[in-house]
Amino acid sequence: MSAKPFTVPYPTAKSMIRYTLCGFILAMLHGHAVGQNPYEQGLKYYKLRSAHADSFRADSGNINKAIEAFQTALDQNIQPEQSVAYLLQSYYFKAMYTGMSKEQQKAIYDKGFSLGERMMERFPKSVPIKFWYGANVGRWADVHGFVQAATNGIAKKLRKICKEIIKLDPTYQGGGGYRILAQVHFHSPHIPLIMGWPSDDRALELVEKAMEVAPDHPTNRMLYAQILLEFNRDEEARKQLEYILDAEPRSTHLVEDRYLKYRSRKILREEF
């Protein structure tokens, strides 16, 4: 008895409709997962910012993708406050840790400066936006020059923003409001009649408050050591720097903590 030939049954109209609908639904779900949440895509790439890092210098690929995703999220009004804060944070990281030239850094910090100015008006109570705006402006002052920041009113504006952060949430980013304000006092030049308020004594008081909030925060300890050296409290400063060197880098801040270790070794060689 010969075998019957294998045949594929011709699809009915009902089965064709079912297959088409299933394919359409799967396509929609895939599209939603891939393209409908740029904020979550930004978070994924931001968390991978230290991948392939060479010590404290990161590859720019993932942080560039994070910036693109957060910008798309902001353009689409998806979690806009959080998207702004992470976009500012991503600008800061890119300029600080991807080996950019001074001129390239200026361009990035200019973007952070401009974005922060606009978005603080939109989100006047957002501590993350104020903080990361302040972080970008602090670096802007560093690459453009603290005298320029002092004479055009930027240092004064940054002092005001830091006071607002402290009032709203003094614990944010390990006492970040105190820390940035201490840096403003410490690095800003004292210019009679124009900038009479910067004070190393005030900087020391502020960084000690940051240390009270988060004594193990490596950036607090780095700034504390720098200010202690200005007061000739060398042995206390040495302890802070050695603490940074002995601490294990945080998995969430691998490049940042490696950079602080590099700075600690450099200061120890130069000062001791």
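Quick note: the coordinates plus some simple rules give every number you see, no bench work behind them. Please read these numbers as outputs of a predicted model, since none were measured by experiment. Here Cβ is always computed from backbone atoms with ideal geometry, including for glycine, and neighbour counts include all displayed protein chains.
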For the pair Phe272 and Lys167, how long in nm is the line joining their label points, each one 7 Å along Cα→Cβ? 4.1 nm
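Would you list His185, His52 from fewest to most Cβ contacts within 10 Å?
Working: His185 23, His52 10.
The fewest-first ordering by Cβ neighbours comes to His52, His185.
Just how large is the dipole of the stretch 195-272 about the Cα centre, in debye to the nearest 20, putting +1 at every Lys and Arg Cβ and -1 at every Asp and Glu Cβ? Numbers along the way, then the final one.
Values: 13 positive and 17 negative charges, 73 e Å.
Using only the charged Cβ atoms, the result is roughly 360 debye.
Between Ala107 and Lys239, what is the FRET efficiency for a Förster distance of 35 Å, r being their Cβ-Cβ separation, to the nearest 0.05? Please report the intermediate quantities before stating the final value.
On the way: r = 39 Å, r/R0 = 1.10.
After rounding to 0.05, the efficiency reads 0.35.
Just check the stretch 40-144 against the gyration tensor rule for me: Cα atoms, a ≥ b ≥ c as the square roots of the eigenvalues, rounded for a/c under 1.5, and otherwise prolate or oblate depending on whether a/b exceeds b/c. If you can, show how the numbers build up before the last one.
Details: a/c = 2.11, a/b = 1.18, b/c = 1.79.
Oblate shape, in that a/c is at least 1.5 and b/c is the bigger or equal ratio.
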Per-residue Cβ contact counts at 10 Å, fewest first, order Trp132, Trp140 as Trp140, Trp132
